[in-house]
Amino acid sequence: MLATAKRKKATGPVTHWLWGSSAPKREEAHQAKSSTGPSSQASPVLPASWSFPDKQETPPSRICLSLYGNGKGMSSSALPYRRSAPAWAKTTPEEVKDMINKLARKGMPPSAIGVLLRDQHAIPGVTAITGSKILRILKGSGLAPEIPEDLYSLIKKAVSMRKHLERFRRDRDAKFRLILIESRIHRLARYYKTTRQVPPTFKYESATASDMKGPTEAGKLLAKIALESWTNRSLQHDNCLA
């Protein structure tokens with residue numbers, strides 16, 4: 001009898017904690033009011049000059065930018081709209097190609113060659129003058145690097161981090177960053193295999209990564225000089241603005 005009474009009590013009408021027993025009635029009245037149609041009050045008419053832009057979806061390229069980019073923002077340098085060489089650039093395409101080949105023989109990577117030509121020889125863009133990029137010119141001359149520059153830079157960073165971990169074995173953040181860098185190396189190497197920019201037998205191994213050939217010491221020194229000259233020029237420009 002006691003169990004039956006408890007069961008009946010549990011199945012009875014439940015009182016709301018805030019409105020008491022009138023909560024179900026209010027809900028029914030609200031449903032009936034909404035089912036009859038729009039309310040008698042007219043919706044306010046907005047002026048025609050008021051315009052509300054539609055919500056724009058973020059393209060996938062911008063969504064992935066924070067994942068694969070080094071920084072957190074989307075700002076970057078933009079090339080000029082005109083693709084032709086400016087009138088004040090008097091250097092001929094043959095002279096530019098000769099300079100590129102000479103710097104490549106000294107061991108400079110393609111990115112450092114572009115910086116040096118811009119800062120010391122007043123060449124705004126190799127593509128605008130010669131019609132070809134620096135790497136394509138080097139491939140035509142047989143002076144292109146064996147490993148693409150971005151892949152070599154990642155391998156170099158991984159090697160330096162492993163040397164750091166040999167001294168500081170408890171650096172857990174460095175271990176985690178090394179895992180990310182090596183996964184990026186494997187992904188980039190897989191892409192370069194599909195585009196045939198590295199041999200199909202190429203494989204990154206941490207034990208033999210330090211033996212891979214890259215820019216020579218002379219090329220590294222020239223790249224450092226070009227970077228220092230660019231830094232000095234940017235500091236002078238900032239001082240003039242200040």
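The values are calculated or read from the model by the stated rules, or taken from the named source; none is laboratory data. This structure is a prediction, so every number in the text was calculated from the model and none was measured. Here the Cβ is made from the backbone with ideal geometry for all residues, glycine too, and neighbour counts use every protein chain on show. Calculation scope for accessible area: heavy atoms of the full protein, side chains included, ligands and nucleic acids excluded. Shrake-Rupley method; radii C 1.70, N 1.55, O 1.52, S 1.80 Å.
Observations, loosely collected:
- Candidates I185, I179, filtered to the one that is of a type in the set (V, I, T), over 24 Å from P145 (Cα atoms) and modelled with pLDDT of 90 or more: I179
- Cross-chain or 6+ apart pairs with Cβ under 6 Å, the stretch 95-112 first and over 15 Å from E146 (Cβ atoms), then at pLDDT below 95 and open to solvent by 80 Å² or more (accessible area, probe 1.4 Å): none
- Residue in the stretch 192-211 that is least open to solvent (accessible area, probe 1.4 Å), counting only those that are farther than 15 Å from S153 by Cβ and in a helix (DSSP H, G or I): K193
- Residue in the stretch 149-171 that is surrounded by 16 or more Cβ atoms within 10 Å (Cβ to Cβ) and in a loop (DSSP other than H, G, I, E, B) present: no
- Taking every residue in the stretch 121-132 that is within 11 Å of K90 (Cβ to Cβ) and open to solvent by less than 30 Å² (accessible area, probe 1.4 Å) and pairing it with any residue that is part of a loop (DSSP other than H, G, I, E, B) and of a type in the set (A, V, I, L, M, F, W, C), at least 6 positions away or on another chain, the pairs with Cβ-Cβ distances below 7 Å are I123/A89; I129/A85; I129/A89; I129/I123.
- Per-region count, the stretch 73-111, residues under 12 Å from L143 (Cβ atoms), open to solvent by less than 60 Å² (accessible area, probe 1.4 Å) and not polar (S, T, N, Q): 7
- Residue within the stretch 34-43 that is in a helix (DSSP H, G or I) and at pLDDT 60 or above present: no
- Checking A189 against (1) in a loop (DSSP other than H, G, I, E, B); (2) crowded, with 16+ Cβ neighbours inside 10 Å, the condition it does not meet: (1)
- Here I179 meets the list (1) part of a helix (DSSP H, G or I); (2) in contact (Cβ under 8 Å) with a residue 24 or more places away in the chain almost entirely, failing just condition (2).
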